Amino acid sequence: MSRIGNDLLRPASAAFGPRIEALVVYNSNPVAVAPESGKVVAGFAREDLFTVVLEHFRTDTADYADYVLPATTQLEHWDIHSSYGHTDVLLNRPAIPPLGAAKPNSQIFRELARRLGFDEPCFADDDLALCQQAFDERVDFERLLVEGHVSLAVPEAPFAEGQFPTPSGKCEFFSARLAAAGHDGLPAVLPNHEAPGSDERYPLAMISPPPRNFLNSTFVNVDSLRDGEGWPNLEIHPDDAAPRQIADGARVRVFNDRGSYHCIARVGLRARPGVVNGLGVWWRKLSLSGTNANELTSQKLTDLGAAPVFYDCLVEVEPA
């Protein structure tokens, strides 16, 4: 996911494997949310790439699909949710049958598996069976069906008495497991891939948190929520705006070697000096310039978790 732009453009090789020739996208909008989206778009635009998107809406990614298959919403399918900040398991019971030709993602995969000749027992399990299997004996499923939520038998404050999942059972300042894996066993500060001050062409660091009315790229298609945001905004400190002759409310271009996008400058103290807040992630086709903040982010990864480095991004800003 973090390097889909590069990977869609890679040729076949011994190191990478075969060239990607087919793609199924579900529960995601990579053309809008994946880093370095200029390369992501170039990959999705390949004439020889067969792309299927399971969706509710015509997203930026769905625009590049050979087929868009209608997916059910949360109101139309069975699902089960693990705890998130609490200790309950939650059952998602469909409120209505699927509308039109919509199908749950899982059913599409079951039907695809059947056509491809996969006969493993798991492909015979319907969604209700999958819900029941998710927590096995840890949850009374009959009670879950009746009540909709069941508490797991786990402590509310799991580390109140210590008992950390480490060899010593304690919070370890030195990690023997990290050292054995070839990393520094002690906490260390690693330099950014793009450290502030490392490139005089791009003196500003950009972070790109979601704005108040969106959740990543979700809800950007809702007119009322988009109206609440107005346009893609860039928060910039007065000390950075003044020498660039950028006024509050002016249209600006944010850019680096990977690309550029246009947004509206919001001059104020919410941004620190030397840092701009590029509030995203707008759908590209609903933005000011047909691109968004991820045109500028990189496909580099963190050292330990191999996660994307969206907030490790140097840019420059100028009046548009």
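The values are calculated or read from the model by the stated rules, or taken from the named source; none is laboratory data. Computed from a predicted structure; not experimentally measured. Glycine gets a Cβ as well: all are built from the backbone with ideal geometry, and neighbour counts include every protein chain shown. Heads up: the accessible areas ignore ligands, DNA and RNA and are worked out on the full protein's heavy atoms, side chains in. Shrake-Rupley method; radii C 1.70, N 1.55, O 1.52, S 1.80 Å.
Counting residues in the stretch 25-40 that are open to solvent by less than 30 Å² (accessible area, probe 1.4 Å), in contact with a strand residue (DSSP E or B) (Cβ under 7 Å, 6 or more places away or on another chain) and assigned to a strand (DSSP E or B) gives one or more. Of all the residues in the stretch 174-192, those that are farther than 29 Å from VAL275 by Cβ and surrounded by fewer than 12 Cβ atoms within 10 Å (Cβ to Cβ) number 5. In the stretch 1-24, of all residues being polar (S, T, N, Q) and surrounded by fewer than 17 Cβ atoms within 10 Å (Cβ to Cβ), the one that is farthest from ASP66 (Cα to Cα) corresponds to SER13.
Remark: pairs (first residue in the stretch 55-67, under 16 Å from VAL281 (Cβ atoms); second residue of a type in the set (Phe, Trp, Tyr); Cβ separation under 8 Å; 6+ apart in sequence or on different chains) = THR59/TRP283; ASP60/TRP283; THR61/PHE44. Yes or no: ALA195 surrounded by 11 or more Cβ atoms within 10 Å (Cβ to Cβ) and assigned to a strand (DSSP E or B)? No; evaluated as a whole, the condition is false for this residue. Does PRO167 meet the test of being more than 14 Å from THR87 (Cα to Cα) and either in a loop (DSSP other than H, G, I, E, B) or of a type in the set (Ser, Thr, Tyr) (or both)? Yes: the conditions hold for PRO167. Residues in the stretch 68-86 that are in a loop (DSSP other than H, G, I, E, B), open to solvent by 60 Å² or more (accessible area, probe 1.4 Å), over 29 Å from TYR311 (Cβ atoms) and free of Cβ contacts under 8 Å to residues at least 40 places away in the same chain: 2 in all.
In the stretch 37-54, is there at least one residue being out of contact with any Phe, Trp or Tyr (no Cβ under 6 Å at 6 or more places or on another chain), small (Gly, Ala, Ser) and touching a residue at least 60 places away in the same chain (Cβ under 8 Å)? The answer is yes, given that some residue of the stretch 37-54 is out of contact with any Phe, Trp or Tyr (no Cβ under 6 Å at 6 or more places or on another chain), small (Gly, Ala, Ser) and touching a residue at least 60 places away in the same chain (Cβ under 8 Å).
Tell me whether the stretch 164-174 contains one or more residues that are in contact with a strand residue (DSSP E or B) (Cβ under 9 Å, 6 or more places away or on another chain) and aromatic (Phe, Trp, Tyr). No, every residue in the stretch 164-174 fails to be in contact with a strand residue (DSSP E or B) (Cβ under 9 Å, 6 or more places away or on another chain) and aromatic (Phe, Trp, Tyr).
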